[in-house]
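K.L.:
Encoded as structure tokens, here's the structure I'll be asking about.
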Amino acid sequence: MSLPSPRFRILARAGAARRGVLETAHGQVQTPAFMPVGTHGSVKACHPDEVARAGADMLLANFYHLALRPGVDLIEQLGGLHKFMGWSGSILTDSGGYQMVSLDHLVEFDDDGVTLRSPYDGSQVRLTPEQVVSGEVRLGVDVAMVLDHPVAFGSSRELAQAATRRTHLWAERSRQVDAGSSLVFGIVQGGFEVEQRRESALRIGELGFDGVAIGGLVLGEPAPVRFAAIEACIDCLPAEVPRYLMGLGSDLELLTAISQGVDMFDCVLPTRLARTGTALTRSGRLALRRGQYRTDPLPLEPGCECPACGRFSRAYLRHLHLAGEILAHHLMSLHNLHHLGTMMAEARAAIVAGELTSMIGDRVRGLTAGSQDPAAAASFPSPGRPVP
Ligand SMILES: [Zn+2]
């Protein structure tokens with residue numbers, strides 16, 4: 001770890017919310033930050049330069065998938081992941097614990113590591129916490145996530161406790177790996193019980209990682225359970241390092257978590273929704289399949305500065321989507337990434353100006369007034385701590 005300290009500076013606060021800057025080997029990441037997901041080394045259907053123009057300083061790629069295909073050796077031989085995928089900004093890699101749980105019929109966890117069967121060629125693969133972090137470092141990533149063991153919502157208390165204990169054991173071992181110029185983030189588990197969450201946050205927080213992620217959420221739990229768990233973690237995590245909430249992506253949930261003190265996010269939602277013909281807008285989700293857009297000359301969101309809205313109508317994009325044209329995926333993905341990139345920039349400015357509460361209020365009112373998806377606003381989650 002040769003970078004100057006501190007790597008994370010908090011520039012302003014509004015209640016529990018923070019506006020900060022994370023310095024990586026590839027530049028600055030302005031927080032709160034949303035990281036588009038490029039699981040296989042590509043944000044689906046988007047050129048990296050366009051992803052950067054949508055406001056992303058950092059991408060998330062997946063170590064587990066990249067290690068299985070095309071392999072760490074090949075990427076390292078070709079100059080590292082940044083060069084391989086033509087991205088000059090920062091990269092964070094997830095270790096793959098989440099994917100292993102979602103493919104649990106292929107995976108066996110034990111205290112030393114994980115044995116899994118590759119979904120690509122059926123071969124048996126063994127991963128240990130040390131191999132995961134050193135593999136991420138060999139890819140040349142800016143932030144390496146440690147190997148963890150999440151559990152799905154509805155798992156037994158015993159399983160959650162065992163997985164959390166194992167996550168702590170692995171975190172301690174991961175901490176011993178020489179990470180060079182890569183930052184290493186620990187991951188809090190603890191299942192869905194507040195007390196276990198607090199214990200896990202304290203334990204991971206005291207290991208001195210460069211940042212800490214809240215993992216093991218967005219795994220099927222109801223929103224109140226999710227936000228109570230986030231609250232418990234934030235209360236127990238060190239204030240001076242970035243906090244990253246894994247897998248959360250809807251507008252109001254992101255804003256709620258920002259107001260709770262979370263700094264970084266990732267989610268497949270914007271690009272996945274785009275491929276179903278759904279646009280994220282200030283008035284909720286706009287599903288182009290609906291007949292009302294057949295002759296609609298408006299852009300997806302009037303005033304949006306993305307490459308789709310500057311030039312194309314809802315009617316044309318709807319036609320492309322229904323005709324199965326790849327351009328629809330491309331343009332819709334760029335719009336959705338711009339939407340979240342813009343929202344994050346507004347949140348950062350609002351924290352500095354002391355106006356986060358009114359900014360969130362405006363967003364909630366927009367969703368409530370919008371005809372597209374009033375249900376989204378009605379389900380706005382209420383965190384345990386009032387919005388500052
Ligand atoms: Zn747009």
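The values are calculated or read from the model by the stated rules, or taken from the named source; none is laboratory data. Computed from a prediction, not measured in an experiment: that's the story for all the values here. All Cβ positions, even for glycine, are placed from backbone atoms using ideal geometry, and neighbour counts span all protein chains on display. The accessibility values were calculated without ligands, DNA or RNA, using every heavy atom of the protein model including side chains. Shrake-Rupley method; radii C 1.70, N 1.55, O 1.52, S 1.80 Å.
K.L.:
Testing T256 on (1) away from the ligand (no atom under 16 Å from the Cβ); (2) open to solvent by 10 Å² or more (accessible area, probe 1.4 Å), one condition comes back false. Which one is that?
P.N.:
(2)
K.L.:
Considering the stretch 161-180 alone, what residues qualify as being polar (S, T, N, Q) and exposed (fewer than 15 other Cβ atoms within 10 Å of the Cβ)?
P.N.:
Q176
K.L.:
Which condition from (1) within 13 Å of the ligand (Cβ to nearest atom); (2) under 21 Å from P32 (Cα atoms); (3) not hydrophobic (A, V, I, L, M, F, W, C) is the one that G310 breaks?
P.N.:
(2)
K.L.:
Right, next: Hey, can you tell me all the residues within the stretch 240-253 that are open to solvent by less than 10 Å² (accessible area, probe 1.4 Å) and modelled with pLDDT of 95 or more?
P.N.:
P242, Y244, L245
K.L.:
Are any residues in the stretch 1-40 under 17 Å from the mean Cα position of the chain (by Cα), part of a loop (DSSP other than H, G, I, E, B) and surrounded by fewer than 22 Cβ atoms within 10 Å (Cβ to Cβ), and if so, which ones?
P.N.:
T39, H40, listed by residue number.
K.L.:
What's the number of the condition F153 fails, among (1) touching a Gly at 6+ places or on another chain (Cβ under 7 Å); (2) not in a loop (DSSP other than H, G, I, E, B)?
P.N.:
(2)
K.L.:
Output the residues belonging to the stretch 274-306 that are away from the ligand (no atom under 11 Å from the Cβ), in contact with a strand residue (DSSP E or B) (Cβ under 7 Å, 6 or more places away or on another chain) and not in a loop (DSSP other than H, G, I, E, B).
P.N.:
Within the stretch 274-306, T278, R285, A287 meet the criteria.
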